[in-house]
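As structure tokens, the structure follows; a few thoughts come after it.
The values are calculated or read from the model by the stated rules, or taken from the named source; none is laboratory data. It should be emphasised that the depicted structure is a prediction, and the values quoted were computed from it without experimental measurement. FYI the Cβ positions are ideal-geometry reconstructions off the backbone, even for glycines, and counts take in every protein chain you see. Heads up: the accessible areas ignore ligands, DNA and RNA and are worked out on the full protein's heavy atoms, side chains in. Shrake-Rupley method; radii C 1.70, N 1.55, O 1.52, S 1.80 Å.
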Amino acid sequence: MKKITSVIFLSVIIIGCVNITSKEIESPAYKAVKVETVFESPISIRALDVMPDYLFFSGSQGRFGYIHTTDHSLAYIGTVSEDGSLPDFRALAKNNQADFILSAGNPSFLYKVNYLGKRKMVYQETGDNVFYNAMAFWNTNEGIAVGDPTNGCMSVIITKDGGDSWVKVPCHKLPDALPGEVGFAASNTNIVIQGNKAWFISGGKTKSRVYYTEDKGDSWEAYNTPILRGNESSGAYSIDFYDENRGFIVGGDFSKPEENRANKAITIDGGKTWNLIASGTNPGYKSCVKYVPNSEGRELVAVGKTGISYSSNYGNSWKKLSEEGFYTFTFVNEYTGYAAGNGKIAKITFLEEEKAVE
């Protein structure tokens, strides 16, 4: 009863802050989706970004590429090989000057690339526990990538010269890692940036935490979340912020995708405190969550191998829009976006009709 009361109270606070009516809360804007596959390849694609003219993606088997958004023709696809091995590029990012792909696993490689096929290694790290999960840029010069713990703290590397060089943040500037703490390279969305701030998330055996910096990675704090933990596949998988105060986490247990307990949480104070929401109700495990643009933080979309789900009321309740599974998702605008998964990229169109267009 205490948990139910806290969720209701939190919802009242949030609804009051944005001054919308209960009718708006109860009436979903999206009723269905149209899913159009625009690219197929026998690779796993866990990272993508969209620009006005093209999609940028990276995946397994050393692959990365670009797809025109006008007609979805393939602009370029390339392969990176290191000493005969094909890295698994599970993270990417771009600034105004270049694109970057980052591999998970040991050794980890960070490449500067472009759609003309050029590539240059700008960072490499080796070690038994090296495993990078996600990356992002604050601006043209300053960027960040995050990964699993090494030497007692989570791995964080920073660039201040547009990605030409990267420096690892020393452990004395980061909270100590907990026993069994890990990050998840599931969708390149376990990090998010707003202004000078950044948040990234962890999970694992002990606790699920949010790491926070307000000075572009010079100093860090860690805050506990109530997201499910207990084994190496459970925890917070994806985080998004609508603004500097309102944020949302999804996750769960990858090995138990239908489990919907303690896998969604919300904050209204910039990530310092988190409250479970819709715990024990669908959706289950999700690997990516995004706020719908121009929704005042009211609407969210979450994807995972269990399909595409949508909330019109801050995450209090969810509607499944598609059974088709994906790893990651990004919006173009409030009505369209792109999702990627095992062997495919698809254009997602959100509809206000009950029946999806075939």
Quick one: is T140 modelled with pLDDT of 95 or more and more than 21 Å from I201 (Cβ to Cβ)?
-> yes
Can you confirm whether region 247-255 contains a residue that is closer than 22 Å to V146 by Cβ, open to solvent by 10 Å² or more (accessible area, probe 1.4 Å) and either touching a Cys at 6+ places or on another chain (Cβ under 9 Å) or charged (D, E, K, R) (or both)?
-> no
Which residue out of S58, S44, S81 is more than 25 Å from N190 (Cα to Cα) and of a type in the set (S, T, N, Q)?
-> S81
List the number of the failed condition for Y291; all other conditions in (1) open to solvent by 10 Å² or more (accessible area, probe 1.4 Å); (2) over 29 Å from S58 (Cβ atoms) hold.
-> (2)
Among the polar types (S, T, N, Q), at pLDDT 95 or above, open to solvent by 10 Å² or more (accessible area, probe 1.4 Å) and in contact with a helix residue (DSSP H, G or I) (Cβ under 8 Å, 6 or more places away or on another chain) - does that describe any residue in region 257-268?
-> no
Would you tally the residues in region 87-109 being open to solvent by 20 Å² or more (accessible area, probe 1.4 Å) and either polar (S, T, N, Q) or free of Cβ contacts under 8 Å to residues at least 24 places away in the same chain (or both)?
-> 3
Looking across region 30-53 at residues that are at pLDDT below 95 and within 21 Å of M135 (Cα to Cα), the single one that is nearest to the chain's Cα centre (by Cα) is M51
Quick check: anything in region 300-312 in a loop (DSSP other than H, G, I, E, B), in contact (Cβ under 8 Å) with a residue 40 or more places away in the chain, open to solvent by 10 Å² or more (accessible area, probe 1.4 Å) and not hydroxyl-bearing (S, T, Y)?
-> yes
So, of the residues in region 78-95 that are in contact with a Gly (Cβ under 9 Å, 6 or more places away or on another chain) and in a loop (DSSP other than H, G, I, E, B), which turns out to be nearest to Q194 (Cα to Cα)?
-> N95
